[in-house]
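Report on the structure given below.
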Amino acid sequence: MKKTSVGEYLHDTRLAKDLKVEQVSMDLNIPMQYITVMELNQFQFLVEEKLKPYLQAYGDYLGLDSDFLLEGYQNPDFQIEIEGEHEELDQVTDEESPNPKTVEPFTKWSRSDRFEYLENPKRRLPLVLMSLLTVLIIGLIGFAIYAQVSDEIRQEAQPSSSLDRETSQLANQETTPSSSDSDNKLTAKVRGSSMSVKLTDKTDQVTIEITQDSDQENLISVTNSDMSKKGFILNSTTKNATATLISGVDKSVITLASIDNVSVKINGENLDLSGLTKDSTSYITLTVK
């Protein structure tokens, strides 16, 4: 028996049916970020009036028991038990299997018998094919070794200035300041859909401003702040949200269901979101020093 959460159950069922998030979003007219949030089991970020109809529609779409999902999604400890599928294989009895033909080994043959056996073209064919296959495999292995050695030689012969430039570019991609100001107080590291941000020389109050320049619905949240635990929704009427960290807090997680046309400011300084992966929920971990 396998135990899984409601979100994982939805995610695994969608993958089993070979469905993409974009296709589900178009078929059900549900924004992709809401589908992602449900599959991440983060139902607390969805407003109640949209959560139940979206979960009901998604469950029916996947052929699941939607009433059962609606009963358990509010409980973080709720687990669904799934039975594994087993296939029974037919066994063939010894009476049904044909009797194998035995061939006497070469060691029991005379030298003349061996030559007579090998002179038959049909009997030589398997040996020829095996020899050709062996030569092909050896050739492929040799080519792979040659290509690897050649690549290492080119790298060793590369000018040091070029290597320095590549190292500098990689370092810039991994650690990107939030702006061009030399006195910048924000530093950020990006990996996929996650970003780690450090704020130094803090003031008594840390303020986070999130602005969206589009009409789409976008779910956001800021932990350890005065923002509601359920988060906040940016849309065509409300395009700005401000959250203030609780006094004494040194860490917060900013969740953005979408980063399209979204800008984030921390204590008035812009945060560069261009390195984050699009079309997925983004997580910004802020550490205050």
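Out of curiosity, is Q56 in the same structural domain as Q74 (by TED's automatic domain parsing) and touching a Leu at 6+ places or on another chain (Cβ under 9 Å)?
Considered against the rule, which asks whether it is in the same structural domain as Q74 (by TED's automatic domain parsing) and touching a Leu at 6+ places or on another chain (Cβ under 9 Å), Q56 comes out as yes.
Can you name the residue in segment 1-20 that is of a type in the set (A, V, I, L, M) and either without any contact (Cβ under 8 Å) to a residue 40 or more places away in the chain or not in a helix (DSSP H, G or I) (or both) and, of all such residues, is surrounded by the most Cβ atoms within 10 Å (Cβ to Cβ)? Spell out the reasoning first.
As a first pass, look at segment 1-20 and keep what is of a type in the set (A, V, I, L, M): 1, 6, 10, 15-16, 19.
From what is left, the residues that are either without any contact (Cβ under 8 Å) to a residue 40 or more places away in the chain or not in a helix (DSSP H, G or I) (or both) are 1, 15-16, 19.
Numbers: M1: 6, L15: 11, A16: 9, L19: 14.
By that ranking, first place goes to L19.
Select from segment 207-261 the residues that are among the hydrophobic types (A, V, I, L, M, F, W, C) and part of a loop (DSSP other than H, G, I, E, B) and write down the one among them that is farthest from the chain's Cα centre (by Cα). Full working, then the answer.
Quick first cut of segment 207-261, residues among the hydrophobic types (A, V, I, L, M, F, W, C) only: 208, 210, 219-220, 222, 227, 232-234, 241, 243, 245-246, 249, 253-254, 256-257, 259.
Subset that is part of a loop (DSSP other than H, G, I, E, B): 227, 246, 249, 257, 259.
On the way: M227: 29, I246: 32, V249: 30, A257: 15, I259: 17 Å.
Restricting to residues being among the hydrophobic types (A, V, I, L, M, F, W, C) and part of a loop (DSSP other than H, G, I, E, B), the top hit is I246.
Which of the residues that make up segment 221-264 are crowded, with 18+ Cβ neighbours inside 10 Å and on the phi > 0 side of the Ramachandran plot?
G231
If you check K198 against the conditions, is it modelled with pLDDT of 80 or more and of a type in the set (K, R)?
Details: modelled with pLDDT of 80 or more: yes; of a type in the set (K, R): yes.
In short, yes.
From the list S282, S247, S258, S236, exactly one residue is free of Cβ contacts under 8 Å to residues at least 40 places away in the same chain, of a type outside the set (K, R) and over 12 Å from I208 (Cα atoms). Which is it?
On the way: S282 fails: free of Cβ contacts under 8 Å to residues at least 40 places away in the same chain; S247 fails: free of Cβ contacts under 8 Å to residues at least 40 places away in the same chain; S258 fails: free of Cβ contacts under 8 Å to residues at least 40 places away in the same chain.
On inspection, the qualifying residue turns out to be S236.
Taking the residues in segment 21-35 that are over 13 Å from L62 (Cβ atoms) and surrounded by fewer than 15 Cβ atoms within 10 Å (Cβ to Cβ) as candidates, determine which candidate is nearest to the chain's Cα centre (by Cα). It would help to see each step written out before you state the result.
So in segment 21-35, the residues over 13 Å from L62 (Cβ atoms) come out as 22, 25-26, 29, 31-34.
Adding the requirement that they be surrounded by fewer than 15 Cβ atoms within 10 Å (Cβ to Cβ) leaves 22, 26, 29.
Values: E22: 16, M26: 21, N29: 24 Å.
Among those residues, the one meeting the criterion is E22.
Consider only pairs whose beta carbons are under 6 Å apart and that are at least six residues apart or on different chains; among these, list those whose first residue lies in segment 29-57 and is polar (S, T, N, Q) and whose second residue is surrounded by 18 or more Cβ atoms within 10 Å (Cβ to Cβ) and not in a helix (DSSP H, G or I).
These pairs meet every condition: Q33/A257; Q33/S258; T36/T281; N41/S5.
Could you count how many residues in segment 262-272 are part of a loop (DSSP other than H, G, I, E, B) and modelled with pLDDT under 90? Write out each step before concluding.
Of segment 262-272, the ones part of a loop (DSSP other than H, G, I, E, B) are 267-268, 272.
Filter again for modelled with pLDDT under 90, leaving 267-268.
Counting residues in segment 262-272 that are part of a loop (DSSP other than H, G, I, E, B) and modelled with pLDDT under 90 gives 2.
The values are calculated or read from the model by the stated rules, or taken from the named source; none is laboratory data. What you see is a predicted model; the values in this text were computed from it and never measured. Neighbour counts run over all protein chains shown; Cβ positions are idealised from the backbone, glycine included.
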